[in-house]
Amino acid sequence: MARISLGAIFIYAGATKFGDPLAFADSIASFKIVPNALVSLLALGIPPFETICGSLLVIGLWRQVAALGALVAIVTFTVALLSALARGLVVDCGCFGSGLVSVTRMRLDLVRDLAIVMIAALVYADSGTTRA
Amino acid sequence: MAFAAAREFGHQLASLCLLAALSLACGLVLNRFRSAPLPLLYRTPEQRLERQLSELVKNPPFRITLEETIGLGDFQRAVADRRTLVLDARPSPFYEEGHVPGALNLSRENFARDFRRLQTVLRHAKERPIVVYCSGGSCHDSKLVAGALLSLGFTSVKVFTGGWEEWKNAGLTVSRHP
């Protein structure tokens, strides 16, 4: 159940970013972590990565790698968000499409992302014990 | 056992890298077929605006018509009217040497830079009457700046075609940049 839920979350996350790659690129750039030369590549590569990992999780194929991909992705977003909060930046995570920008929203996004990290870690650990 | 686990993890990471590369390839291919592809060289919103403004003032889609040009008498009344925003489209060194009292410098030459500098004023001027002038005579900068402003949604923009030359020759008050 957790695997399928995690997969659905990542399919949704990827799908919301496909529609407006420029907005997602602006979100990535606003964190001021990645050089501008890499922003477009990330904006174009992350949505399919999320969608593919999510689909593999839902279908149940290549479970461990898909779960690891989801875990790496969500940990990266969480660390980036923590870094932005620590530096006093007010940014839109862009995790599930673009939205309002505020510190409160960032904190809520952080709580949400930490919950997803835990689910992803559990799914990864579980997929190791019940190999597809 | 630890070695086997590490090797297994290594295989997973390698598979993940392959997945990431495949994802990037998919993203690049999909981007190719978009109606508005994301440029591979990312530009920040500020850089994009600067570029758009520079392109806009070179060839504005909206053009000033004869009805939107005014003579010296109307221009004097506009300058005296506090509601009117008067803009000087000449390069900044000429503006600093002398300009119509109360005029702000929105040069054609550095339109993007000046537009960003005057953002706060311009944001509240969408409904205000605006008059643009430049040197006068054969100078087209005022019409290009006025056309750009119309394209940006400003509703009442006129051009004083006589320009700085006519204002000075009439012996009217001049201001200098402090």
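The values are calculated or read from the model by the stated rules, or taken from the named source; none is laboratory data. These numbers come from a predicted model, not from an experiment. Virtual Cβ from ideal backbone geometry, glycine too; neighbours counted across all protein chains shown.
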**OP:** Check A:Val103 against each of (1) surrounded by fewer than 22 Cβ atoms within 10 Å (Cβ to Cβ); (2) within 23 Å of B:Glu46 (Cα to Cα); (3) more than 12 Å from chain B (Cβ to nearest Cβ); (4) touching a helix residue (DSSP H, G or I) at 6+ places or on another chain (Cβ under 6 Å) and name the one condition it does not meet.
**Re:** (4)
**OP:** Just need a number here: residues in segment A:15-65 that are in contact (Cβ under 8 Å) with a residue 60 or more places away in the chain and within 13 Å of the chain's Cα centre (by Cα).
**Re:** 5
Subject >> Hey, B:Phe94 surrounded by 13 or more Cβ atoms within 10 Å (Cβ to Cβ), over 23 Å from the mean Cα position of the chain (by Cα) and either more than 14 Å from every other protein chain (Cβ to nearest Cβ) or farther than 30 Å from A:Gly19 by Cβ (or both) or not >> reply: no
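Going through B:Ala78, B:Ala20 one at a time, which residue ends up being at pLDDT 90 or above, aliphatic (A, V, I, L, M) and assigned by TED's automatic domain parsing to the domain that holds B:Leu152?
The unique qualifying residue is B:Ala78.
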Subject >> Output for segment B:40-51, where each listed residue is more than 7 Å from chain A (Cβ to nearest Cβ) and surrounded by 12 or more Cβ atoms within 10 Å (Cβ to Cβ) >> reply: B:Arg43, B:Gln47, B:Arg48, B:Leu49, B:Glu50, B:Arg51
Original post:
Out of curiosity, is B:Thr84 surrounded by 12 or more Cβ atoms within 10 Å (Cβ to Cβ) and in contact (Cβ under 8 Å) with a residue 60 or more places away in the chain?
Top reply: no
**OP:** Out of the residues in segment A:37-55 that are touching a Lys or Arg at 6+ places or on another chain (Cβ under 9 Å) and surrounded by 24 or more Cβ atoms within 10 Å (Cβ to Cβ), state the one that is nearest to B:Ala5 (Cα to Cα).
**Re:** A:Glu50
**OP:** Please go through segment B:6-20 and pick out each residue that is more than 7 Å from chain A (Cβ to nearest Cβ) and out of contact with any Leu (no Cβ under 8 Å at 6 or more places or on another chain).
**Re:** B:Ala6, B:Arg7, B:Glu8, B:Phe9, B:Gly10, B:His11, B:Ala14, B:Cys17, B:Leu18
Original post:
How many residues does segment A:92-132 contain that are modelled with pLDDT under 80 and either over 23 Å from A:Lys17 (Cβ atoms) or of a type outside the set (S, T, N, Q) (or both)?
Top reply: 14
Original post:
Which ranges mark the helices (runs of 4 or more DSSP H) fully within segment B:105-166 that have 3 or more residues being closer than 15 Å to B:Gln52 by Cβ, touching a Ser or Thr at 6+ places or on another chain (Cβ under 9 Å) and acidic (Asp, Glu)?
Top reply: none
Original post:
Here are some conditions: (1) loosely packed, with under 12 Cβ neighbours inside 10 Å; (2) at pLDDT below 90; (3) within 14 Å of chain A (Cβ to nearest Cβ). B:Thr65 meets all but one. Which one does it not meet?
Top reply: (3)
**OP:** Please work out which residue is surrounded by the most Cβ atoms within 10 Å (Cβ to Cβ), limiting yourself to segment B:21-39 and to residues that are within 7 Å of another protein chain (Cβ to nearest Cβ) and farther than 9 Å from A:Gly45 by Cβ.
**Re:** B:Leu38
